[in-house]
Structure formats: structure tokens, C-alpha cells
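Q: One structure, pasted below without further comment.
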Amino acid sequence: MKDKDRIHHLGELQHAIMRVLWAEGEASVGRVQEALPREHRRAPTTIATMLTKMERKGVVTHRSEGRFFIYAPAVEEKDVRRTITVRMTDDMKLSPNRIEVREGETLRIRAVNAGAVMHEIVIGTREELAAHAELMKKHPGMQHDEPYMAHVPPGKQGDVVWLFNRAGEFDFACLIAGHFEAGMRGTLSVLPKK
């Protein structure tokens, strides 16, 4: 997404980092890395980079303690007021395939893979998703972890938490090679504030 179109949200790894900070109150990069679930563990430099990005979004703050930064959450877990579960199946369906939220609402989108193959949920404009789907066809094994997506292995679930800060029409889809073209996509409408 272009910066001017960006919706502030937490991706899968960012949400895992926030769960550590919510549980601990505050933590160094090293402590965050230790406390992350195994599937989310990354190199300390990756965690530090992610925390810097999260601070720019306004979801964490930091203070200096000697040579170390100590991070703390700037938003509370209770700010996530609603969870919508999106079920992903191997017949290339997303259910529901239409989500409606209000501008200013924080939403947890919980993607549940009820199939036997890998699926993902990616949020963006229709044009961005179509372009990304083309790229995935050319490079089917491409690995990426962006804040607007969750990769979900068979039988597992992944969360994306979003703070919708502007009204508009967006889409969500599975961009695993061939899934988007098979119709595995939906619409996300962000209605203006009342």
C-alpha cells in the first residue's frame, strides 16, 4: 500500500510482539525475542526493526536504559473491540467474503485455515492484490512477512489487527499461486464515522 493509502494495523508478527508487551508491560528487544512463540521468533535485528516500525505507527513507545531500548505498548489489548473469523478452505473460498467496519474501529481479523494446504490473508486495494498475485505466480515459493498479511498453515489460525483510520473500499485475498485466480478473495468496506 502507498503511505497515503495505508491503514494502520498490526500484522501477524507485530501482533505477536504486542502480546509479549501486553503480558510483560515492557521489554527489551532480547526479552521480546525470548518470549515470542517459536513460530514468530526472528533475529534480534528483525525484532528491533519491527519495533521501530511499530513505534512510528504509534502502537509502542520506548525509553533508554543504558545502551538498550525498553519498549512498552502504547495501545491496550482491550482496544481490539471486535473479532471477525474468516474461514479459508481448499475449495478456494473465504467465509465471510464481505466485511464491513466503521472508520476509527479496531478489528481483529482471525484467519482460520480449514484446509489441507497453506493459505494466507492479505489486505490491500484490488489493484495491489492483483499485482501481488501475478508476482506470486512468477515466484510461488517467495517468502514474505508484511504487516498487512497472515500466513496460515493447514489447521492453524493467524490474526491481523487493524485500526481503520479512513473510509474506503479494500479487498482481502489469498495470494498463494493460483488461489486468487480461483476466486479466493473478498471485499472490506470501511464506512465513514457516524
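Read the figures in this text as sums done on the coordinates, not as results from a lab. Given the structure is predicted, the values throughout are model-derived calculations rather than measurements. Neighbour counts are summed over all protein chains in view; Cβ atoms, including those assigned to glycine, are modelled from backbone coordinates with ideal geometry.
Q: How far, in nm, would the chain grow between T46 and R82 when pulled straight, counting 0.36 nm per residue and subtracting the alpha carbon separation? Intermediate results must be reported in sequence, preceding the final value.
A: Values: separation 36, 0.36 × 36 = 12.96 nm, distance 2.92 nm.
The T46-R82 span can extend by a further 10.0 nm.
Q: Using only C-alpha positions, report the orientation-averaged shadow area of the convex hull of the chain, nm², one decimal.
A: 11.1
Q: On to the next question. Quick one: Debye curve from the C-alpha atoms of segment 59-165, no solvent, what's log10 I(q)/I(0) at q = 0.09 Å⁻¹?
A: Relative scattering, expressed as log10 I(q)/I(0), comes to -0.32.
Q: Kindly identify segment 26-86 as rounded, prolate or oblate by the Cα gyration tensor criterion: order the square roots of the eigenvalues as a ≥ b ≥ c, call it rounded if a/c is under 1.5, otherwise compare a/b with b/c, prolate if a/b is larger, else oblate.
A: oblate
Q: Where Lys and Arg each count +1 and Asp and Glu each count -1, what net charge lies around V29 among other residues with Cβ under 14 Å from its Cβ?
A: Result for the local shell: +1.
Q: So if R0 is 30 Å, what FRET efficiency would A74 and E103 give, r being the distance between their Cβ atoms, rounded to the nearest 0.05?
A: The calculated FRET efficiency here is 0.90.
Q: Would you mind classifying segment 78-132 by shape? Square roots of the alpha carbon gyration tensor eigenvalues, ordered a ≥ b ≥ c; an a/c under 1.5 is rounded, otherwise it is prolate if a/b is larger than b/c and oblate if not. Intermediate values should be presented prior to the final figure.
A: Numbers: a/c = 2.33, a/b = 1.33, b/c = 1.75.
Since a/c reaches 1.5 but b/c is at least a/b, the shape of segment 78-132 is classed as oblate.
Q: Between rounded, prolate and oblate, where does segment 54-109 land on the alpha carbon gyration tensor, with a ≥ b ≥ c its root eigenvalues, rounded for a/c under 1.5, else prolate if a/b exceeds b/c?
A: Since a/c reaches 1.5 and a/b is larger than b/c, the shape of segment 54-109 is classed as prolate.
Q: Cα axis of helix 44-57 to longest principal axis of the chain: angle in degrees, 0 to 90, nearest 10?
A: Rounded to the nearest ten degrees, it is 80.
Q: From the helices alone, meaning DSSP H stretches of at least four residues, give me the mean residue ellipticity at 222 nm for the chain, per-run term -39500 (n - 2.57), in deg cm²/dmol to the nearest 500.
A: Mean residue ellipticity, 222 nm, calculated: -7500 deg cm²/dmol.
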